[in-house]
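Structure first, then comments.
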Amino acid sequence: MNLFGLEINLLYVFGVLAAIAVGLVVLGILLGTALAVWFWKTRKVLLPRLTVILMNFFEVPVHALLSLLGIKKDSAYIIREEMLNKLYEKDYEKVPADKRIIFLPQCLRNTKCPAPVDEEGIHCIKCGLCGIGNFMKKAEEYGVKVFIAPGGSMIPKIFKKYKPKAIFGVACHPEIRLASDLVVWMNIPAQAVPLLKDGCVNTEVDWEEAERVAFKGLKKRNKKGKKRNPHKPA
């Protein structure tokens with residue numbers, strides 16, 4: 001091919017471009033792995049946004065390399081989740097209660113759950129059959145909305161209606177991984193706690209950890225719905 005008097009070998013050009021592309025992919029995989037290992041060993045934050053993006057984009061090869069280094073798949077998920085929490089922790093704490101939304105999975109419910117369901121999900125009646133009721137009571141004390149999602153299709157509708165400035169979620173590792181793509185893309189401060197036991201029913205979560213993370217930076221409200229003044233005795 002002749003362009004402006006210069007002979008250009010298209011095969012050579014494509015070869016060079018392909019080599020560059022492969023090199024960038026390899027670099028991304030190695031960098032993502034290195035950043036994940038650094039965090040796992042030191043628990044120090046180093047380029048958390050880049051680490052989450054690379055671990056998501058190159059999930060399979062990064063997980064494979066981490067496995068070769070002795071870091072199991074579940075641990076690789078934990079690294080990404082902890083990095084995501086570190087990335088948005090300070091911004092999340094600054095968001096007031098009425099601008100936060102909490103998502104809980106329906107699989108945490110007891111199989112005999114009597115709660116009604118509508119277009120905004122399952123409405124807990126605090127029957128005591130599972131741990132959701134106590135968590136809901138805590139959320140009410142802080143003034144945070146909680147949604148129990150029977151399916152992922154409900155979540156975009158909730159986002160559109162309530163326009164949250166921060167979100168907290170409990171989910172299995174794969175669901176948190178999918179959500180992290182959206183969170184990073186939308187740049188919404190988010191925190192997450194993984195399920196201790198996966199499945200479609202009778203799953204488990206560390207409720208104390210969920211409460212600790214979900215209500216970061218908030219003060220409980222008094223009975224009239226106002227936040228307590230930390231300078232006055234209760």
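Here region 58-185 is assigned +1 on the Cβ of each Lys and Arg and -1 on the Cβ of each Asp and Glu. Its dipole about the Cα centre then comes out at about 200 debye. Cβ crowding within 10 Å, taken as a proxy for footprinting-reagent exposure, orders HIS63, HIS173, HIS123 from fewest neighbours to most as HIS123, HIS173, HIS63.
Sequentially through region 126-141, phi angles give Karplus couplings (6.51, -1.76, 1.60; θ = phi - 60°) of 6, 6, x, 6, 9, x, 4, x, 5, 5, 4, 4, 4, 4, 5, 5 Hz, Gly and Pro residues having no value and appearing as x. One chain, two ends: ASP74 and VAL16. Fully extended at 0.36 nm per residue, the span grows by 17.1 nm beyond their Cα-Cα distance.
Given their separation in residues at 0.36 nm each and the Cα-Cα distance between them, GLU140 and LYS99 gain 13.4 nm when the chain is fully extended.
When the charge dipole of region 72-148 is built from unit charges on Cβ atoms (+1 for Lys and Arg, -1 for Asp and Glu) and taken about the Cα centre, the candidate among CYS127, TYR77, TYR142 whose Cα reaches farthest toward its positive end is TYR77. Only Lys, Arg, Asp and Glu carry charge here, each on its Cβ (+1 for the first two, -1 for the last two); on that basis the chain has a dipole of about 1600 debye about its Cα centre.
The ranking of ARG177, ARG43, ARG100 from fewest to most other beta carbons within 10 Å of each one's beta carbon is ARG43, ARG177, ARG100.
Our summary gives the chain a relative contact order of 19 percent, counting only alpha carbon pairs under 8 angstrom and 6 or more residues apart. Which residue, GLY199, GLY121, GLY131, tops the fluctuation ranking in a GNM of the chain built on C-alpha contacts under 10 Å? Ranking GLY199, GLY121, GLY131 by mean-square fluctuation puts GLY199 first. Using the structure shown, list the pairs from LYS44/LYS161; LYS157/LYS197; LYS73/LYS138; LYS44/LYS160; LYS90/LYS163; LYS86/LYS197 with a Cα-Cα distance above 31 Å, or answer none. Too far apart for the 31 Å limit: LYS44/LYS161; LYS73/LYS138; LYS44/LYS160. Using all pairs of distinct alpha-carbon atoms, the Kirkwood hydrodynamic radius of the chain works out to 20.1 angstrom.
Ranking of ILE167, ILE29, ILE20 by neighbouring Cβ atoms within 10 Å, starting from the fewest: ILE20, ILE29, ILE167.
Rounded to the nearest Hz, the phi-derived 3J(HN,Hα) couplings of region 64-76 under the Karplus curve 6.51 cos²θ - 1.76 cosθ + 1.60 (θ = phi - 60°) are 5, 5, 4, 5, 5, 8, x, 9, 5, 4, 4, 5, 5, where x marks glycine and proline. Calculate, in nm to one decimal, what ARG43 and LEU182 gain on full extension: separation in residues at 0.36 nm each, minus their alpha carbon distance. Gain in length upon complete extension: 47.6 nm.
Residues whose amide H lies under 5 Å from that of GLU204, counting only those 5 or more places away or on a different chain, are LEU196, LYS197; hydrogens are built 1.01 Å from N in the peptide plane. Calculated over region 2-71, the projected area of the Cα convex hull averaged across directions stands at 6.5 nm². A Förster radius of 45 Å combined with the Cβ-Cβ distance from LYS90 to THR111 puts the calculated FRET efficiency at roughly 0.70. Could you pull out which residues in region 53-86 have an amide N less than 17 Å from a spot 7 Å beyond the Cα of ALA34, following the Cα-Cβ vector? Counting only backbone N, you get 53-55, 58, 62-63, 65-66, 69.
Helix 173-186 and the long axis of the chain differ in direction by around 80°, with both axes built from C-alpha atoms.
Throughout, read-outs are computed from the coordinates displayed, never taken from laboratory work. Here the structure is a predicted model, which is why all the values come from computation and not from measurement. All Cβ positions, even for glycine, are placed from backbone atoms using ideal geometry, and neighbour counts span all protein chains on display.
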